[in-house]
Structures are given as C-alpha cells and as structure tokens.
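The values are calculated or read from the model by the stated rules, or taken from the named source; none is laboratory data. Everything quoted here is computed from the prediction, not taken from an experiment. Backbone-built Cβ (ideal geometry, glycine too); neighbour counts: all protein chains shown. The accessibility values were calculated without ligands, DNA or RNA, using every heavy atom of the protein model including side chains. Shrake-Rupley method; radii C 1.70, N 1.55, O 1.52, S 1.80 Å.
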Amino acid sequence: MVLEVKGLQKSFQSNHVLKDVDLTLKRGEITAVLGHSGAGKTTLLRCITALEISDGGSIRIDGSDLCSEEKGKLQYASVKDMKAIRKKVGLVFQNLNLFPHKSVLENIVDAPINVYGMSKAESEKKAYEQLVLLDIKDKA
C-alpha cells in the first residue's frame, strides 16, 4: 500500500472534524476526496502531509509510519524520517500560491532542486518534458 490511514481523528476544540477515518490507496490508484464545505477534506489532506497534527489513529506512507497510535498515545516519525516521508507526498493548495516573481518554469524546477538536490539542468529537462506532455511548453 502506498497510503494507509486507519482510525484517523482530528478535532478543533469541540468540533470533531475527522472521526475514525480509514483510507487505503495502492500504487497507481487514483482517488478523489469529495464532500461539502467543512466536511474535513482539507483537514484529512493536511494530516496526511503532517501540516496538521492528528489527535489519534495512524498514517503510513509507502511503508513508513508518519504517525501511529500505541497504548492510546500518538507517536510521530522522527524529524529525519519525517523529511524522507514528506518527499513521497505532496499537496497542491486550492489557492496555488505560486511565486509571482518567478516564471512557470522557475516555479516547477524549484522543488526538485531544493527538496531532492537535483541539478538545475536535470530539473529543467524534466520540467520541459511535463510542459510538452501538457501541451503548454509556450508557458515556460
């Protein structure tokens, strides 16, 4: 499994947003998270990316425990392990928050260079391949 979420819990004061949520995704599988405003979609994604700390349950990403609950206590991965896990999962926010002072190409190549240590040349090559695939090379 690429993603396993079991019994995920998250509350904000007395508002229980996520109540015992289970989600499993296999490699290559695509899913959509649907629901009305306030249903917990963003909170779920923020917990999976560790941008939000859950109150209970477990999250396993590509075989590594992001968090797990043992004897009623929630344990998160170490800082080192968290960094490795975060390289395998990402979140695109509803408001894209691109760097307005950078070109499309510069926005695309930034993460591979800074997160994965990829060379600028290799990152640009891969970015151009994606732009061609999407038929928007002219937007680079």
A 1.4 Å probe over the protein heavy atoms gives the chain a carbon and sulfur accessible-area percentage of 53 percent
At a Förster radius of 30 Å, what calculated FRET efficiency corresponds to the Cβ-Cβ distance of TYR76 and LEU34, to the nearest 0.05?
0.60
Whole-number accessible area per residue in Å² for the chain, which is evaluated in the context of all protein chains at 1.4 Å
71 Å²
Which ³J(HN,Hα) values, rounded to whole Hz and listed in residue order, are derived for the stretch 23-30 from phi using the Karplus coefficients 6.51, -1.76 and 1.60 in 6.51 cos²θ - 1.76 cosθ + 1.60 with θ = phi - 60°, glycine and proline given as x?
8, 10, 10, 8, 4, x, 7, 10
MET118 long-range amide H proximity, modeled H, under 5 Å
ILE113
Name the residue from GLY56, THR31, LEU45 whose Cα lies farthest towards the positive end of the charge dipole of the chain, charges +1 on Cβ of Lys and Arg and -1 on Cβ of Asp and Glu.
GLY56
Evaluate the distance, in nm, between pseudo-label points positioned 7 Å from the Cα of ASN114 and of LEU25 along their respective Cα→Cβ axes.
2.3 nm
Sequence order, the stretch 70-82: Karplus ³J(HN,Hα) from phi using 6.51 cos²θ - 1.76 cosθ + 1.60, θ = phi - 60°, Hz rounded, Gly and Pro as x, gives 10, 6, x, 10, 8, 10, 9, 4, 5, 4, 4, 5, 4
For ASP62, which sequence-distant residues (separation of 5 or more, or a different chain) have an amide H within less than 5 Å of its own amide H, given hydrogens modelled in the peptide plane?
LEU3, GLU4
Using all C-alpha to C-alpha distances in the chain, build P(r) with 5 Å bins and read off the rounded percent in each one.
2, 8, 15, 17, 17, 15, 12, 8, 4, 1, 0, 0
With the crude spin-label approximation of a point 7 Å out along Cα→Cβ, what separation in nm comes out for ASP55 versus VAL2?
3.1 nm
If you put +1 on each Lys and Arg Cβ and -1 on each Asp and Glu Cβ, how big is the dipole of the stretch 1-72 around its Cα centre, in Debye rounded to 20?
180 debye
Ordered by number, the GluC sites (Glu not before Pro) in the stretch 9-98 that occupy a DSSP loop and have at most 10 other Cβ atoms within 10 Å are GLU29
Note to self, the chain gives a 222 nm [θ] from helices alone (DSSP H runs n ≥ 4, -39500 (n - 2.57) apiece, / all residues, nearest 500) of -9000 deg cm²/dmol
Are there trypsin sites (Lys or Arg not before Pro) in the stretch 38-121 that DSSP puts in a loop and that have at most 16 other Cβ atoms within 10 Å, and which ones?
LYS71, LYS87, LYS88, LYS102
Calculate how large, on average over all directions, the projected area of the Cα convex hull of the stretch 64-140 is; give the answer in nm² to one decimal.
7.3 nm²
Residue by residue through the stretch 9-18, what is 3J(HN,Hα) from phi via Karplus (6.51 cos²θ - 1.76 cosθ + 1.60, θ = phi - 60°)? Round to whole Hz and write x for glycine and proline.
10, 7, 10, 10, 6, 8, 8, 7, 7, 10
Interchain or sequence-distant (5+) residues whose placed amide H lies within less than 5 Å of the amide H of VAL17 are LYS10, SER11, PHE12
